[in-house]
Ligand code: ACO
């Protein structure tokens, strides 16, 4: 029988901690702010217009525009996968932040359409960026994934565990779209957005308030039935079209309006702010009518609600961060402005963050 003590001693003698491991506590636990240092996004080159969809589905530009506000969307090439868009978005965010990839302590990738079930897309991104000191994990919360990711990242920064975190929202929904189902195919699209968060001692800036919620009892209103351990891939699962997104659109619509309005109210209450203090609300871009109904419920003017759904349609967990990057780079928001990002999605999940830029 091998001598266990000798084996353990031997393993201890050859084990050397990796230089600059991301997991160590670098900052004392005094409550740091998570401040946005850079943002970036990337979408596929291929544009699919409503007119293009008219040619393959029983639909019309008029119906899609009136019912959703969407005019065109970006669709990945057959060879492209989530990490391709995620890496480009991340590189842009890192460049703006002036942060070398080796400085990242953690990478969170919010996605339900990663490159493959495992390894995580976050690990693929970590390798491709050369972020050798970063821990990496995927986070699945449907279209709310980016908000869940930001909230998670904020905890690591506030506790002093990590100093620099990359949060990415990426989806390649076109690969799980049933292109024969007009009720979902016109809505879904591809893209990625990324943010670099840094610890800051200025308590007045960065993520000020967060709120997350979920209601699993509505899981079957928005889901992909097969490909997991319940229904693994088989000839039957493919023939029954179970590897595509299924959605009960009208049920989701009502919950989305109510939940997003509720999130905005809660964030304002938490931060003791009024709606007038908020420069811009950046909602998940799922349907212009959902966004308008939410604004109406809140008595919030649409001039202070960001909309880019006409260009990119529903990119799920990428939508709010793509919108934030566009809002920042176009000058709609500036440093010190207060913004709210709010989303809902599969799970069902919903949530929001209030940020002073
Ligand atoms: N073109 C033409 N007609 C269509 C289309 C289309 N693309 N899609 C549906 N229709 C038809 C329906 O068949 C129905 O016809 P019928 O009355 O003869 O039965 C009619 O239009 C009305 O259908 P509704 O479903 O009532 O249309 P509604 O106004 O509710 O809009 C929509 C549907 C756009 C799906 C809306 O319900 C919605 O946006 N829901 C929320 C979707 C969402 O946000 N999902 C979550 C994000 S997806 C994700 O997480 C990845």
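Read-outs throughout are calculated quantities, based only on the coordinates presented, and are distinct from any laboratory measurement. Bear in mind the structure is a predicted one, so any value in this text is a computation, not a measurement. All Cβ positions, glycine included, derive from the backbone under ideal geometry; neighbour counts span all protein chains shown.
Between residue 118 and residue 272, with labels modelled 7 Å along Cα→Cβ, what's the label distance in nm to one decimal, could you check?
Modelled inter-label distance: 4.7 nm.
Would you mind ranking 307, 47, 35, 109 by Cβ crowding within 10 Å, fewest neighbours first? Provide the component values of the computation, followed by the final result.
On the way: 307 16, 47 13, 35 19, 109 33.
Least crowded to most crowded, the residues run 47, 307, 35, 109.
In which sequence would 319, 183 go, from the one with the fewest C-beta neighbours within 10 Å to the one with the most?
Working: 319 29, 183 14.
Starting with the residue having the fewest Cβ neighbours, the order is 183, 319.
Going by average Cβ neighbours within 10 Å, how do the peptides 67-79, 164-176 rank, with the highest at the top?
Working: 67-79: 18.2, 164-176: 27.9.
Descending packing order for the listed peptides: 164-176, 67-79.
With a Förster radius of 56 Å, plug the Cβ-Cβ distance of residue 201 and residue 77 into 1/(1 + (r/R0)^6) and report the FRET value to the nearest 0.05. Walk me through the numbers before you get to the answer.
Values: r = 45 Å, r/R0 = 0.80.
The calculated FRET efficiency here is 0.80.
How much FRET efficiency would the formula 1/(1 + (r/R0)^6) give for residue 335 and residue 137, where r is the Cβ-Cβ distance and R0 is 25 Å, rounded to 0.05? Intermediate values should be presented prior to the final figure.
Numbers: r = 30 Å, r/R0 = 1.20.
After rounding, the FRET efficiency stands at 0.25.
Over the chain, what is the relative contact order in percent, taking alpha-carbon pairs closer than 8 angstrom and at least six residues apart?
On the way: 839 pairs, mean separation 86.1, N = 357.
Reported as a whole number, the value is 24 percent.
If you stretched the chain out fully between residue 62 and residue 155, how much longer would it get, using 0.36 nm times the residue separation minus the C-alpha to C-alpha distance? Please list the in-between numbers first.
Details: separation 93, 0.36 × 93 = 33.48 nm, distance 4.47 nm.
That pair, residue 62 and residue 155, stretches by 29.0 nm at full extension.
Among the DSSP beta bridges whose two residues both lie in the chain, what percent are antiparallel, rounded to the nearest 5?
Values: 39 of 55 bridges.
Among the beta bridges of the chain, antiparallel pairing accounts for roughly 70 percent.
Find the relative contact order for region 125-211 and round it to a whole percent, using C-alpha pairs within less than 8 Å whose residues are 6+ positions apart.
Values: 74 pairs, mean separation 22.5, N = 87.
Relative contact order here is 26 percent.
Counting other C-beta atoms within 10 Å, which of 244, 223 has the fewest, and how do the rest follow? Don't skip to the answer; put the middle values down first.
Details: 244 20, 223 15.
Exposure proxy ranking, most exposed first: 223, 244.
Using the Cα atoms as the points, what is the convex hull volume per residue of region 207-356 in Å³?
Working: hull volume 18.5 nm³, N = 150.
Measuring per residue, one finds 123 Å³ for the Cα hull of region 207-356.
Restricting to Cα pairs below 8 Å that are 6+ residues apart, what does the relative contact order work out to for region 33-203? Please round to a whole percent. Mind dumping the intermediate values first?
On the way: 376 pairs, mean separation 59.1, N = 171.
Across region 33-203, relative contact order equals 35 percent.
Calculate, in nm to one decimal, what residue 127 and residue 240 gain on full extension: separation in residues at 0.36 nm each, minus their alpha carbon distance.
This chain segment gains 37.0 nm when fully extended.
When the expected Rg is taken as 2.2 N^0.38 Å, what fraction or multiple of it is the alpha-carbon Rg of the chain?
1.03
Among 269-278, 131-140, 190-199, how do they line up from the highest to the lowest mean number of other beta-carbon atoms within 10 Å?
Taking the mean over residues of other Cβ atoms within 10 Å, the ranking is 190-199, 131-140, 269-278.
State the extension gain, in nm to one decimal, for the chain segment bounded by residue 297 and residue 52, taking 0.36 nm per residue of separation less the distance between their alpha-carbons. Show your work: numbers first, answer last.
Values: separation 245, 0.36 × 245 = 88.20 nm, distance 3.44 nm.
Taking residue 297 through residue 52 to full extension adds about 84.8 nm, to one decimal.
When all C-alpha to C-alpha distances in region 157-219 are sorted into bins of 5 Å, what percent of pairs does each bin hold, rounded to whole numbers?
The percentages, shortest bin first, are 4, 12, 13, 14, 16, 13, 11, 9, 6, 2, 0.
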